[in-house]
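These notes concern the structure reproduced below.
Throughout, read-outs are computed from the coordinates displayed, never taken from laboratory work. Please read these numbers as outputs of a predicted model, since none were measured by experiment. Using ideal geometry, Cβ is built from the backbone for each residue, glycine included, and neighbour counts are taken over all protein chains shown.
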């Protein structure tokens, strides 16, 4: 085995919330500005978004370290 | 790495030396501004191939748990951390769960499972598909799309919309979205530390899909070692896993079961190739 290389094994975090405001028609966390996601949350993780897709139910982002 | 944002759920899955747990505090702060209250948290990972390279708090599971405990509100009072062992060297499944309630059942009655697959020692010929060809004029998006097609990844869940990306010089990530269900694949193809992961969610009412998905995922990578973690509050989805993989030449080496607040039963199975 190589002495060092890229670590493939992921860390996975899943958080569930309660209290979605009915005025936001079920958008909840999806109302977070992309800038907040990118600059305050993903920057803390040391990741950036390289690709994204969304549908009626959720948003999905591919990240790069 | 991937991020999924649902109205009341967020999932972040990152590899390399990322500092995933540092996202918890800003996430909770911004969720609170939207009027959202945290009800449960689940953190999981396998064994790192290069543990010495991991920064704090990911340098040890103990530090990860302490960091999480300190980051979460007291209302998540049901907490548990466990390392689920296996008979395969260097394989164990680290799980931390916290919840405001001891158990959690969905309001709409649909019971979902999550399946997380970690694969090492990928077939060398198949892994070669995840290297870019220098000077071919493709970018991350176009090369990723090509990898999705030629490897058969696009056929794992045929109806899913796929967002894929190829890294330079090698590596691949994709997210699949199929209605309200996500799936994701990440590949590190370099020989010596090759790795691929697959994750999807599904309903226990059509859990036969698990068998089809496992077979297709296996054929994309043909790994020598495979670990499968299934998480579900009330159904024995895990019993289908060995039935899907053993006819493909994999042998179940170990199986560990544990119960976690809100998450339910986590079953961790490891398989190695008979070859």
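Comparing Cα centroids, the stretch B:254-275 and the stretch B:1-58 end up 22 angstrom apart. Spin-label model, residue B:123/residue B:234: points 7 Å from Cα along the beta carbon direction are separated by 4.0 nm. For the options B:192, B:154, B:264, a Gaussian network treatment of chain B with springs between C-alpha atoms closer than 10 Å singles out B:192 as fluctuating the most. Where only DSSP H runs of four or more residues are counted, chain B gives -6000 deg cm²/dmol as its mean residue ellipticity at 222 nm, each run worth -39500 (n - 2.57). Between residue B:53 and residue B:103, what's the calculated FRET efficiency when r is the beta-carbon distance and R0 is 30 Å? Round to 0.05. Once rounded, the FRET efficiency stands at 0.20. Each Cα pair under 8 Å and six or more residues apart adds its sequence gap; the mean of these over the residue count of the stretch B:55-108 is a relative contact order of 30 percent. Only Cα pairs under 8 Å and 6+ residues apart enter the sum, and on that basis the relative contact order of the stretch B:120-259 stands at 24 percent. Provide the FRET efficiency to the nearest 0.05 for the residue B:204-residue A:4 pair, computing r from the beta carbons and using R0 = 41 Å. It comes out at approximately 0.50.
With the simple model of a label 7 Å out from the Cα in the direction of the Cβ, residue B:66 to residue B:29 spans 2.3 nm. Taking 0.36 nm per residue of separation and subtracting the Cα-Cα distance, full extension of the segment from residue B:181 to residue B:80 would add 33.7 nm. Springs between Cα atoms under 10 Å define the GNM used for chain B, and in it the highest mean-square fluctuation of B:76, B:21, B:33 occurs at B:33.
Within 10 Å of the Cβ of each residue in B:49-58, the mean number of Cβ atoms contributed by other protein chains is 3. With a ≥ b ≥ c the root eigenvalues of the C-alpha gyration tensor of the stretch B:91-176, is it rounded (a/c under 1.5), prolate (a/b larger than b/c) or oblate? The shape class here is prolate.
Highest GNM mean-square fluctuation among B:16, B:140, B:202, for chain B modelled with Cα contacts below 10 Å: B:16. Where a ≥ b ≥ c are the square roots of the eigenvalues of the C-alpha gyration tensor, would you call chain A rounded, which needs a/c under 1.5, or, failing that, prolate if a/b is larger than b/c, or oblate? In terms of gyration-tensor shape, prolate. Here the relative contact order of chain B, from alpha carbon pairs under 8 Å that lie six or more residues apart, stands at 20 percent.
Mind pulling the angle between the C-alpha long axis of helix B:24-33 and the longest principal axis of chain B? Nearest 10 degrees, somewhere in 0 to 90. For helix B:24-33, the angle is close to 60 degrees. I need the shape label for the protein assembly as shown. Rule: rounded when a/c is under 1.5, else prolate if a/b > b/c, else oblate, with a, b, c from the alpha carbon gyration tensor. Since a/c stays below 1.5, the shape of the protein assembly as shown is classed as rounded.
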